[in-house]
Amino acid sequence: MNAQDGHTEKGFSVTGTAPAPSGGAVSDGDPGRGRDPECGHHHGYLADKDGYLKRLRRIEGQVRGLQRMVDDEQYCIDILTQVSATTRALQSVALTLLDEHLSTCVVRAARAGGDEAEIRLAEASDAIARLVRS
């Protein structure tokens, strides 16, 4: 699956073009909420905010399960296997957020040019470096 084909991965739009889910996930009545304070545009991930929250809740459950495993004195390798699965789940969310950021915020800034483009590209580069180191 790739970002150009428009398919989804585990319920997430990879292209950043998914419509906002019903129920007002993009805004809760505060016109400034969910907007980038520098440029005023909505964050790219808001188009699938509910999907992100669902995945993060699932990861939260995995972490609670890890706590139970330690509390129940489970076998080390079993705990490490679950730590690995939880880490992969978080990395998947991070990569999807990065893709959304690149396809919305960075593209928008690059089209506008100037200082904003340089700032957004530097931010993206720094985020990628942090992900690679983790």
Note down all Cβ pairs under 6 Å where the first residue falls in the range 31-54 and is over 14 Å from A109 (Cβ atoms), the second is modelled with pLDDT of 75 or more and acidic (D, E), and they're at least six residues apart or on different chains. Y45/E100
Selection from the range 59-94 of residues surrounded by 14 or more Cβ atoms within 10 Å (Cβ to Cβ), within 30 Å of R108 (Cβ to Cβ) and not β-branched (V, I, T) yields A89, L90, S92, A94
Lone qualifier among Q82, Q74, Q67 - being on the phi < 0 side of the Ramachandran plot, modelled with pLDDT of 95 or more and not in a helix (DSSP H, G or I): Q74
Kindly indicate the residue of the range 100-133 that is in contact (Cβ under 8 Å) with a residue 40 or more places away in the chain and either touching a Gly at 6+ places or on another chain (Cβ under 7 Å) or under 30 Å from Q67 (Cβ atoms) (or both) and also surrounded by the fewest Cβ atoms within 10 Å (Cβ to Cβ) among those meeting that condition. L131
When you look at S103, is it in a helix (DSSP H, G or I) and more than 16 Å from H43 (Cα to Cα), yes or no? no
Residue tally, condition in contact with a helix residue (DSSP H, G or I) (Cβ under 6 Å, 6 or more places away or on another chain) and either at pLDDT 95 or above or part of a loop (DSSP other than H, G, I, E, B) (or both), over the range 42-62: 3
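The values are calculated or read from the model by the stated rules, or taken from the named source; none is laboratory data. Remember, predicted model here, so these are calculated numbers, not experimental data. Neighbour counts are summed over all protein chains in view; Cβ atoms, including those assigned to glycine, are modelled from backbone coordinates with ideal geometry.
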